[in-house]
Amino acid sequence: MEYLMQKIMILLVTIPLYSLAVEIPLVRQVASKYNVSCILVFGDSSVDSGNNNVLHTTMKSNFLPYGKNFFDSRPTGRFSNGRLATDFVAEAVGYRKVIPPFLDPNLKPEDLEYGVSFASAATGFDDYTAEVSNVLSVSKQLEYFAHYKIHLRRKVGEERAEFITRNALYIISMGTNDFLQNYFLEPTRPKQFSLEEFENFLLSRFTKDVQEMHRLGARRLIIVGVLPLGCIPLIKTLRNAEGCDQSLNSVAHAFNAKLLHQLNVLKTKLGLRTALVDVYGMIQRAVTNPKQYGFVEGSKGCVGTGTIEYGDSCKGVNSCSDPDKYVFWDAVHPTQKMYKLIADEAIASFINDFF
């Protein structure tokens with residue numbers, strides 16, 4: 001096993017990030033060796049595989065051109081042209097090619113033991129962020145996780161269900177909406193908190209959520225940091241910025257540092273295995289130097305003008321012929337190719353920090 005780990009670490013260092021898929025067989029060996037049972041996902045549109053489809057909300061993407069490059073060119077509720085990072089992680093560790101949404105009416109009992117997503121587009125650490133768009137708060141996602149455990153026990157028995165939840169890989173990806181759709185848009189929180197106080201409030205909510213996950217069985221946790229807010233095409237358009245808005249990027253960068261610190265505190269306190277995926281650095285590099293990751297366009301999305309369209313405003317809108325050349329799919333969300341790169345980074349973190 002030591003030889004296997006050494007081989008993986010050499011590959012992580014020497015192979016370009018976009019080529020990491022060549023070592024998937026080795027990643028699967030490590031996952032098997034350490035009994036990684038399934039993938040359980042919490043968060044926002046970056047990891048929502050279709051839960052919002054059944055909610056009374058406008059924050060949906062179960063229509064074309066979303067899903068243009070998904071299997072059978074089928075829109076599923078994923079805010080991208082194809083699969084999300086969590087789908088690629090699940091495939092890499094040896095499960096299925098996609099993570100289904102827990103609220104999918106077609107979800108079968110036999111699907112449960114391979115993992116699900118409880119995520120909901122437009123949510124955040126702050127429950128009020130979810131209320132603004134009528135989507136699932138993290139509190140509600142955790143409630144559904146408790147329901148998941150009940151269904152899992154019925155399917156595989158209590159002992160096996162306990163094994164699955166304690167050995168699962170938990171992924172949390174959110175935070176962007178807390179700033180862009182809450183603090184910097186709605187008047188409620190700015191009246192209550194300064195920006196620094198709001199960040200601390202988010203960290204307190206994050207802490208409470210992780211403690212509840214731990215109570216329910218979580219032991220291995222991957223956190224995806226907040227992306228560079230000022231590099232999102234829609235935000236650049238609204239702020240009339242040529243390049244990335246550095247003031248917003250500074251907010252995201254500072255919050256990620258605090259998030260990492262709090263994650264380390266929880267790691268020690270709860271005995272967790274943890275990793276933080278630097279999505280901020282990845283997307284910032286991809287936007288400023290697209291060719292580094294094999295892209296051509298990093299400043300705008302593939303759909304419509306690429307500067308304002310996302311969600312409902314993408315209905316009936318044309319998209320570019322080759323999304324793989326773009327960092328962003330719509331004016332907010334990354335393309336499948338960018339998500340694949342984020343997944344590769346998550347896998348590298350999974351190997352580096354867990355084992």
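The values are calculated or read from the model by the stated rules, or taken from the named source; none is laboratory data. For clarity, every value in this text was computed on a predicted model and none was experimentally measured. As a convention, Cβ positions derive from the backbone with ideal geometry for all residues, glycine included, and neighbour counts pool all protein chains shown. All accessible areas refer to the heavy atoms of the entire protein, side chains included, with ligands and DNA or RNA removed. Shrake-Rupley method; radii C 1.70, N 1.55, O 1.52, S 1.80 Å.
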Across the chain: Cys residues that no other cysteine approaches within a C-beta distance under 4.7 Å: Cys38, Cys314
Entries in Lys269/Lys340; Lys68/Lys300; Lys155/Lys337; Lys68/Lys340 that, when Cα-Cα distance is taken, lie over 27 Å: Lys269/Lys340; Lys155/Lys337
Whole-number accessible area per residue in Å² for segment 21-351, which is evaluated in the context of all protein chains at 1.4 Å: 39
Packing-based order for 251-264, 181-194, using average beta carbon neighbours within 10 Å, highest first: 251-264, 181-194
Highest to lowest packing among 238-249, 341-352, scored as the average C-beta count within 10 Å: 341-352, 238-249
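In what sequence, highest mean first, do 102-108, 49-55 appear when ranked by Cβ atoms within 10 angstrom?
Descending mean neighbour count gives 49-55, 102-108.
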GNM result for the chain, Cα springs below 10 Å: residue of Phe42, Phe63, Phe328 fluctuating most strongly: Phe63
Between segment 47-97 and segment 205-226, the alpha-carbon center distance in angstrom: 23
Accessible surface of the chain, 1.4 Å probe, proportion on carbon and sulfur as whole %: 51
3J(HN,Hα) from dihedral phi, segment 184-191, Karplus parametrisation 6.51/-1.76/1.60, rounded to Hz, x for glycine, proline: 8, 10, 8, x, 4, 5, x, 6
Kyte-Doolittle mean at least -0.5, axial Cα span of 27 Å or more - DSSP H helices of the chain: 246-270
Nearest-20 debye value, segment 21-351 charge dipole, Cβ charges on Lys, Arg, Asp, Glu: 720
The chain - share of DSSP beta bridges that are antiparallel (%, nearest 5): 10
